[in-house]
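Chemist: Here it is: the structure, laid out below.
The values are calculated or read from the model by the stated rules, or taken from the named source; none is laboratory data. Quick caveat: nothing in here was measured; it's all calculated off a predicted structure. Cβ placement follows ideal geometry from the backbone for every residue including glycine, while neighbour counts extend to all protein chains displayed. Heavy atoms of the whole protein, side chains included, go into the accessibility calculation; ligands, DNA and RNA do not. Shrake-Rupley method; radii C 1.70, N 1.55, O 1.52, S 1.80 Å.
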Amino acid sequence: MILVIVSLRLAFVGDIMMGSDWGGLSPPPDSGRFLFSEARPFLDSADIAIGNLEGPLTTSSACTKRTVKGRSYAFRMPPWLAVNLLDAGFDVLNTANNHANDFGEEGKRQTIAVLDSLGLKHTGFLGDIGYLEVEGLRVAVVGFGHSPGCNDIRDIGKAKAIVAMADSSADIVVVTFHGGAEGPSALHLKAQTETFYSENRGNVVEFARACVDAGADVVVGHGPHVPRAMELYKGRLIAYSLGNFCTWNGINVSGLGGIAPMLLVDVDSAGNFLAGRIVSFTQRKAHYPQIDPEAEAFKLIKALTEEDLGGGGISFGEDGRFLPSLSEKPPRPQARVAWHQRRAEAVSEER
């Protein structure tokens, strides 16, 4: 009986808002075909690519959000922009964020319908988990946010139950979450409840580690509009924020907001972190991701990881690459007995 061990490459980016046509804003020209032109080769290199969809794909004119200039905005992406997500190589979109409800239930319904029509998986609304089959592995992607109608990062007990449920029916569990305060002042990680304009945005450290305790294999955040530190926790990678990635209008991309990292993560069949790479993009000149020869995203996340988490159990190398540090104890092999037995039996039958 032969045991086949495989690895998966996962690609993650932060906020995607391909262009709003609401409130005097205009979507990009040429149907936005150029938006992911420089990111596509890296997304295509992954088995699964995941991003945060920062707003609904809808034609609804019934904005349900009270907007306040400088504080609160509503986004409405025309549905015809969605094909760019498919062409770029995305597989799963998180919908749990503070713009999920900008156009109410109709906006949410249309968003899911558009993604479904393109065969794109989605996660984040209550009870919505994206499942994929890759290399003989069943992968669950679970999205969390802090808005009504979404899986809630602030309810740690319920979050753990959701992750545990996903873990019971999948070989690899990925958690993607929208949480934490916003802006340059939110650059540094805080192991406490964060607020933004008096809104509870969750304790992202407590949440992320609780998800790993419950069975998550990779946990990746977004929401602060700036990158944050990373760490290895029990052999699992946690990235606390990837900031903005492709935000055509309505979001400030000057300064730190223009840093646009892409995270590539290799895990084994049991979910253990093997290796990673931060691919550095910038939005400062174009409002869509372009390769940054200065690798500012990598340098910033490396510095934040060393400053905020004492290195986070990660050893950073060249060209954005990183590995478990030598001081990080190798994770104990995970049982995953059922999966190994299924794979071994499948290979035996094939032979």
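Chemist: From the phi of every residue in the stretch 11-22, what ³J(HN,Hα) in whole Hz does the Karplus formula 6.51 cos²θ - 1.76 cosθ + 1.60 yield, where θ is phi - 60° and glycine or proline is x?
Modeler: Rounded to whole hertz, the list is 10, 10, 9, x, 6, 10, 9, 6, x, 8, 10, 10.
Chemist: Which of the aspartates and glutamates could be linked to Lys285 by a straight reach, that is with a Cα gap under 15 Å, when you skip same-chain ones fewer than 8 residues away?
Modeler: Once the sequence-local aspartates and glutamates are set aside, what remains near Lys285 is Glu38, Glu294, Glu296.
Chemist: While we're on this one: Gaussian network model of the chain, Cα springs within a sub-10 Å range: biggest mean-square fluctuation belongs to which of Val220, Val134, Val173?
Modeler: The residue that fluctuates most here is Val134.
Chemist: Under a 1.4 angstrom probe, counting protein chains only, how are Arg228, Arg154 ranked by accessible area, largest first?
Modeler: Largest to smallest exposure gives the sequence Arg154, Arg228.
Chemist: Same structure again: Mind checking which lysines have their C-alpha under 30 Å from Lys121, skipping anything on the same chain fewer than 8 residues away?
Modeler: Within the straight-line limit of under 30 Å, Lys121 reaches these lysines: Lys65, Lys108, Lys158, Lys160, Lys234.
Chemist: Using per-residue counts of other Cβ atoms within 10 Å, averaged over each peptide, order 181-192, 273-284 from highest down.
Modeler: Order by mean packing, descending: 273-284, 181-192.
Chemist: Just to be sure I follow: if Rg is taken over the C-alpha atoms of the chain and Rh is the Kirkwood radius over the same atoms, what is Rg/Rh?
Modeler: Value, to two decimals: 0.95.
Chemist: I want the antiparallel fraction of DSSP beta bridges within the chain, as a percent rounded to 5.
Modeler: 55 percent
Chemist: Please give the peptides 213-219, 318-324 ranked by average Cβ packing (other Cβ atoms within 10 Å per residue), highest first, as a rough proxy for protection.
Modeler: The peptides rank, most packed first, as 213-219, 318-324.
Chemist: Counting Lys and Arg as +1 and Asp and Glu as -1, what is the net charge of the other residues whose Cβ lies under 13 Å from the Cβ of Met17?
Modeler: Neighbour charge sum, excluding Met17 itself: -3.
Chemist: If you average 1/r over every pair of different alpha-carbon atoms in the stretch 49-105 and take one over that average, what Kirkwood value in Å do you get?
Modeler: Answer for the stretch 49-105: a Kirkwood hydrodynamic radius of 12.2 Å.
Chemist: At 1.4 Å probe size, with no ligands or nucleic acids counted, give the accessible surface of Asp91 in Å², nearest ten.
Modeler: 50 Å²
Chemist: Protein chains only, probe 1.4 Å: how do Lys302, Lys108 rank by accessible area, largest first?
Modeler: Lys302, Lys108
Chemist: To continue, here is another question. By how many degrees, between 0 and 90 and to the nearest 10, does the Cα long axis of helix 337-350 differ from the longest principal axis of the chain?
Modeler: For 337-350 against the chain, the angle is about 80 degrees.
Chemist: Kindly state, as a whole number, the per residue volume in cubic angstrom of the convex hull around the alpha carbon atoms of the stretch 231-297.
Modeler: Spread over its residues, the Cα hull of the stretch 231-297 gives 96 Å³ apiece.
Chemist: Another question about this same structure. How much accessible area does Glu296 have with a 1.4 Å probe, in Å² rounded to the nearest 10?
Modeler: Its heavy atoms expose roughly 70 Å² to the probe.
Chemist: How much accessible surface does Tyr73 have with a 1.4 Å probe, in Å² rounded to 10?
Modeler: Estimated to the nearest 10 Å², Tyr73 gives 100 Å².
Chemist: Just to compare against my own numbers: the Cα pair-distance distribution for the stretch 58-144, 10 Å bins, whole % per bin, please.
Modeler: 16, 45, 29, 8, 2
Chemist: Would you please put 31-39, 248-256, 15-23 in order of how densely packed they are, using the mean number of other Cβ atoms within 10 angstrom per residue and starting with the highest?
Modeler: 15-23, 31-39, 248-256
Chemist: Then there's this: Jot down the per residue volume, in cubic angstrom and as a whole number, of the convex hull over the alpha-carbon atoms of the stretch 143-248.
Modeler: Per residue, the Cα convex hull of the stretch 143-248 comes to 110 Å³.
Chemist: Using heavy-atom solvent-accessible surface (probe 1.4 Å) with all chains present, what is the largest-first order of Ile172, Ile129?
Modeler: Ile129, Ile172
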